[in-house]
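Reading through the structure tokens given below for one structure.
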Amino acid sequence: MALQNMNRWSALFVICIGVVCVLTTWFSATAVVPELIKAWELSAGQAAWLTNGVQIGFVVGAIASSLVNLPDIIRLPKLMALSALGAAVANGLLLLEPSIELAVGLRFLTGVFLAGVYPAALKIMSTWFTKGRGLALGFLIGALTIGSSAPHLFRALIDDIEWHWVVAGSSVATLVGALLFITVVKEGPNAFGRAVFNPRQCLQVFTSKPLLLVNLGYFGHMWELYAMWAWILAFTNAAASQLTVVPFGSTSMFCFVIVAAGSIGCVLGGVLSDKFGRCLTTIGMMFASGVCAFAIGFFFDGPAWLLAVIAIMWGVTIIGDSAQFSAAVTELADHHFVGTALALQLGIGFALTVLAISWVPIFVEWIGGWQWAFLLLVPGPVVGIIAMLLLRAHPDAVKLAGGAK
């Protein structure tokens, strides 16, 4: 039974803790890939599918749930708890050391189940916040960012990880998240209302010009984000051979700092968005991250301190706008189908990440090295900026952040 007299800040805290716990399953295999390669005798391509499987599963789960309006017709805490339970089981079955084909299938299922947690968490957080919604969702995405950086911290602090403990620990953490969702979390006083099954509602993402523009902005943002997160370690390892010193002592610790710095950007983006506007904040963040993506190659061979400054600035700005695209959807979509709109936004956005992640190493091979690898990502923020400029000029932009465009 949910705690009585919960206020919006305690709700924010509990939801963030639950999301961090559950999303450990997303990155659990990533953290121990070197150990799994040795233990299961995997090729690099097979190992990559342990991460890609989750991405693709999330895409399928998010799009499927949007087609049947799942986040709008099922009570959100129940949906989140059942999905978290499914993710814990699918992740925990890796302990049986299945074949690589079955292991990838389990990672796929983990992603499908996580699609029942992430969009629903964004929606339920929005029921607690009308004023300050950008900041609240910024905290939520900041929590996700900290979880995303954890694999690099594991690699930096522990030379020889026992992979069974990492997988088991992430499954237990996810069960804790499921317990929080079903016993503590509840919808806030600004609920969006229940919907009836209407698969045509997902088409609103493409037929409503304001929603289409905000989603184009999000898709540009996502083209850049996960590819940077996925390949920053490879870029840094390549750069390390050109540097006299590696910032923060090791490439893994450097990457942890870069990605974890994004949590600061998420909170900063929330503050700026609520005060100055969703469009202005996302435009500013994408401009800064796009400049960093373009510029970082110039400092590939040092000086190390300047490479670190550019990389950390990129880590802060590349994720700092993410929550604001979701906040904009909650303000522009039909209130009966906010969950559907969020799930479809995330599903398509993560589908683009699969393409971007796959194309970066192909681009690297074509240009002959990692120095200019991230030029491939620059078009993402450019498209995103154009879309948000057009949205800011649209009459419906007054619905954003209480009129702050």
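Only helices reaching 18 angstrom along their own axis (Cα) with mean Kyte-Doolittle hydropathy no lower than -0.5 count here, and for the DSSP H runs of the chain these are 8-31, 44-67, 76-92, 100-114, 133-157, 163-183, 209-240, 262-276, 278-295, 304-320, 338-367, 379-392. Checking the a/c ratio against 1.5 first, then a/b against b/c, what shape does the Cα gyration tensor give for the range 335-405? Since a/c reaches 1.5 but b/c is at least a/b, the shape of the range 335-405 is classed as oblate. Rounded to whole Å, the principal axis extents of the Cα atoms in the range 204-276 read 52, 26, 14, largest first.
For the peptides 289-302, 323-336, 120-133, what is the packing order when you average, over each peptide's residues, the other Cβ atoms within 10 Å and list the highest mean first? Provide the component values of the computation, followed by the final result.
Values: 289-302: 19.0, 323-336: 24.9, 120-133: 23.4.
The densest-packed peptide leads the list: 323-336, 120-133, 289-302.
Of the accessible area of the range 1-134, computed with a 1.4 Å probe over protein heavy atoms only, carbon and sulfur atoms account for 71 percent.
If you average the sequence gap of Cα pairs under 8 Å that are 6 or more apart and divide by the length of the chain, what percent do you get for the contact order?
On the way: 777 pairs, mean separation 105.2, N = 405.
Relative contact order comes out at 26 percent.
With the cut-off at 1.5 for a/c, could you classify the range 1-75 from its C-alpha gyration tensor as rounded, prolate or oblate?
In terms of gyration-tensor shape, oblate.
Accessible area per residue, 1.4 Å probe, Å², for the range 93-181: what's the number?
On the way: 3340 Å² over 89 residues.
Counting only protein heavy atoms, the per-residue value for the range 93-181 is 38 Å².
Taking label points 7 Å from Cα along the Cα-to-Cβ direction, residue 179 and residue 99 give a separation of 3.7 nm. With helices as the sole contributors, the chain gives -24500 deg cm²/dmol at 222 nm; each DSSP H run of n ≥ 4 counts as -39500 (n - 2.57), and the sum is divided by every residue. Rg/Rh, computed from the Cα trace of the range 1-136 with Rh as the Kirkwood radius, has the value 1.05.
Could you tell me what percent of the accessible area of the range 341-405 is made up of carbon and sulfur, with a 1.4 Å probe and every protein chain present? Intermediate values should be presented prior to the final figure.
Working: 2030 of 2860 Å².
Using a 1.4 Å probe with all protein chains present, the range 341-405 comes out at 71 percent carbon and sulfur.
Solvent-accessible area per residue in the range 291-405 equals 37 Å², computed with a 1.4 angstrom probe and all protein chains kept. Simple spin-label estimate for residue 75 and residue 172 gives 3.0 nm between the two label positions (7 Å along the Cα-to-Cβ direction from each Cα).
Dipole orientation for the chain: of the candidates 404, 76, 115, 404 has the Cα lying most toward the positive pole (charges on Cβ; Lys, Arg +1; Asp, Glu -1). Between the beta carbons of residue 37 and residue 305, assuming R0 = 22 Å, the FRET efficiency works out to 0.05 to the nearest 0.05.
Cβ-Cβ distance of residue 362 and residue 131, R₀ of 60 Å, FRET efficiency by 1/(1 + (r/R0)^6): the value works out to about 0.85. If you take the square roots of the eigenvalues of the alpha-carbon gyration tensor of the chain and sort them as a ≥ b ≥ c, do you get rounded (a/c under 1.5), prolate (a/b over b/c) or oblate? Because a/c hits 1.5 or more and a/b fails to exceed b/c, the chain counts as oblate. Where Rh is the Kirkwood radius over the Cα pairs of the range 213-331, the temperature 37 °C and the viscosity 0.692 mPa s, what D in µm²/s does Stokes-Einstein return? Approximately 225 µm²/s, per Stokes-Einstein.
The values are calculated or read from the model by the stated rules, or taken from the named source; none is laboratory data. This structure is a prediction, so every number in the text was calculated from the model and none was measured. Every residue, glycine among them, receives a Cβ derived from its backbone with ideal geometry; neighbour counts consider all protein chains shown. Please note that ligands, DNA and RNA were not included when accessible areas were found on the heavy atoms of the full protein model with its side chains. Shrake-Rupley method; radii C 1.70, N 1.55, O 1.52, S 1.80 Å.
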